[in-house]
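Chemist: One structure, as structure tokens, below. Some questions next.
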Amino acid sequence: MKRIILVLLFVLGFFIYPETSIAHDTAKTEMVMVDLSPNKPVHRLFPLTILSIDGESVTHRNESIMLATGKHTLKFSANVNLKFFTGNIKILNANIKQRKYSDTLIVSLEANNHYQLAFDARPAKVEDWKPIVLSVTKKDIK
């Protein structure tokens with residue numbers, strides 16, 4: 001009797017497991033790499049430090065971060081190197097410290113892409129500086 005019950009449980013488990021496995025796989029969210037270090041200071045495109053994702057504070061130490069696909073609101077701090085600017089560096093530095101620039105970026109991330117973000121400090125006024133999507137590269141699927 002015990003053997004029959006064990007066999008029945010095994011057979012039922014065999015039929016139930018694949019369905020839960022399929023449901024689990026479709027619920028997985030695809031992750032996308034977002035690079036925060038453009039390394040183009042000569043072009044006044046600087047790295048970013050991410051402060052929050054969708055309103056939740058984050059701390060990261062890498063130059064890239066993995067995010068789920070979909071729409072995200074990212075808040076940044078700029079890592080501007082003042083060596084690449086001419087003019088009154090004290091005023092420029094004060095404006096940067098007072099965060100008189102745009103520090104939020106809304107981005108829609110799609111699967112199989114690699115995103116590179118940068119802080120665009122090309123405009124003459126600090127108020128016009130902002131984080132941008134510098135490039136989107138298709139990832140090869142193999």
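Chemist: Among DSSP beta bridges whose residues both lie in the range 29-138, state the antiparallel percentage, nearest 5.
Modeler: Of all bridge pairs located within the range 29-138, approximately 90 percent are antiparallel.
Chemist: Sticking with this structure for a sec: Within a 10 angstrom radius of the beta carbon, how do ILE89, ILE50 rank from fewest other beta carbons to most?
Modeler: The order, fewest Cβ neighbours first, is ILE89, ILE50.
Chemist: Obtain the nm distance between the two label points defined at GLU56 and ASN81 by a simple spin-label model: each point lies 7 Å from its Cα along the Cα-to-C-beta direction.
Modeler: Rounded to a tenth, the inter-label distance reads 3.4 nm.
Chemist: Could you please report the charge total around LEU105, scoring K, R as +1 and D, E as -1 over all other residues with beta-carbon less than 14 angstrom from its beta-carbon? Intermediate values should be presented prior to the final figure.
Modeler: Numbers: positive: LYS71, LYS75, LYS130; negative: ASP35, ASP54, ASP103, ASP120.
Around LEU105, the surrounding residues sum to -1.
Chemist: Work out from phi, with θ = phi - 60° and the Karplus expression 6.51 cos²θ - 1.76 cosθ + 1.60, the ³J(HN,Hα) of each residue of the range 129-137, listed in order in whole Hz, and give x for Gly and Pro.
Modeler: 6, 6, x, 9, 8, 6, 7, 10, 10
Chemist: Sort LYS83, LYS139 so that the residue with the fewest other Cβ atoms within 10 Å of its own Cβ comes first and the one with the most comes last.
Modeler: So the residues, fewest neighbours to most, are LYS83, LYS139.
Chemist: Going down the list LYS100/LYS139; LYS71/LYS138; LYS97/LYS138; LYS40/LYS100; LYS97/LYS139; LYS75/LYS139, which pairs span over 29 Å between their C-alpha atoms?
Modeler: LYS100/LYS139; LYS97/LYS138; LYS97/LYS139
Chemist: What number do you get for the range 29-138 when its Cα radius of gyration is normalised by 2.2 N^0.38 Å, N = residues? Don't jump to the answer; show the numbers that get you there.
Modeler: Working: Rg = 14.2 Å, N = 110, 2.2 N^0.38 = 13.1 Å.
Here the answer is 1.08, to two decimals.
Chemist: Give the order of PHE119, PHE76 when sorted by the count of other beta carbons within 10 angstrom, beginning with the fewest.
Modeler: Neighbour counts put them in this order, fewest first: PHE76, PHE119.
Chemist: How much length, in nm to one decimal, is gained on full extension between ALA124 and SER108, taken as 0.36 nm per residue of separation minus their Cα-Cα distance?
Modeler: Taking 0.36 nm per residue and subtracting the Cα distance, the gain is 2.9 nm.
Bear in mind these aren't lab numbers, they're just calculated from the coordinates by the rules spelled out. Remember, it's a predicted structure, so these values are computed and weren't measured experimentally. Methodologically, a virtual Cβ is constructed for each residue, glycine included, from the backbone with ideal geometry; neighbour enumeration extends over all protein chains shown.
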